[in-house]
Amino acid sequence: MNTVDIIVEKETGLEFPPDEFSLDYVKLVLDYLDLEDKEISIVLTGDASISKLNKMYRDKDGSTDILSFCQNDEINEFSTEIQSKFLGDIIISIDTLKRNTKYFKVAFEEELNRLLIHGILHLIGMDHETNNSDEKMLLLQEKILIELKPGPKD
């Protein structure tokens, strides 16, 4: 059984857990990727906190929408043969997520799910050089988002 821990920091202004956040959705993504008996930690924070982490760990100024901290040194390009139970941490800035929803004209829940998928893919060793939509990881991200979308499928 997969385990997901979530922390919602006060600076987000969100209740715990936010209405748009579904632990079941995260577990569904893990199942989709054939990951069993894994643990991840998710922190929902704001721009101030994620900016500090972005500077500390990536030497980049400013906020970002998501940071992933993989706990598996031995993984490389997408592998479901991950031995470690704990995959790592996903940090999401709710402030940046909200700006993304306006910029991309998508619902909060859709963008949150996109970022959750994105973070999980990083935790299992996938990466992307650019944000071009033709990157292998980003193509898989969008495929998962579409296939796990609630409601009737086309």
- Message: Could you check the range 93-107 and list, in sequence order, the residues that are outside any helix (DSSP H, G or I) and either in contact (Cβ under 8 Å) with a residue 40 or more places away in the chain or on the phi < 0 side of the Ramachandran plot (or both)?
- Response: Ser93, Val106, Ala107
- Item | Unmet requirement for Asn132, which otherwise passes all of (1) within 25 Å of Glu39 (Cα to Cα); (2) exposed (fewer than 10 other Cβ atoms within 10 Å of the Cβ); (3) of a type outside the set (Gly, Ala, Ser) | (1)
- Here the residues within the range 108-127 that are buried (at least 16 other Cβ atoms within 10 Å of the Cβ) and not in a helix (DSSP H, G or I) are Ile124, Gly125, Met126
- Message: So, Ser49, is that one under 18 Å from Gln71 (Cα atoms), in contact (Cβ under 8 Å) with a residue 40 or more places away in the chain and of a type in the set (S, T, N, Q) or not?
- Response: no
- Every pair of residues 6+ apart whose Cβ atoms lie under 9 Å, when the first sits in the range 130-147 and is closer than 13 Å to Asn113 by Cα while the second is small (Gly, Ala, Ser) and modelled with pLDDT under 90: Glu142/Ser133
- Query: Which one is modelled with the lowest pLDDT, of the residues in the range 49-90 that are of a type in the set (A, V, I, L, M) and either crowded, with 17+ Cβ neighbours inside 10 Å or in contact with a strand residue (DSSP E or B) (Cβ under 9 Å, 6 or more places away or on another chain) (or both)?
  - Reply: Ile75
- Search result, residues across the range 1-60 that are assigned to a helix (DSSP H, G or I) and among the β-branched types (Val, Ile, Thr): Thr12, Val26, Val29, Ile50
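The values are calculated or read from the model by the stated rules, or taken from the named source; none is laboratory data. Quick caveat: nothing in here was measured; it's all calculated off a predicted structure. No Cβ is skipped: glycine too gets one built from the backbone with ideal geometry, and neighbour counts run over all protein chains shown.
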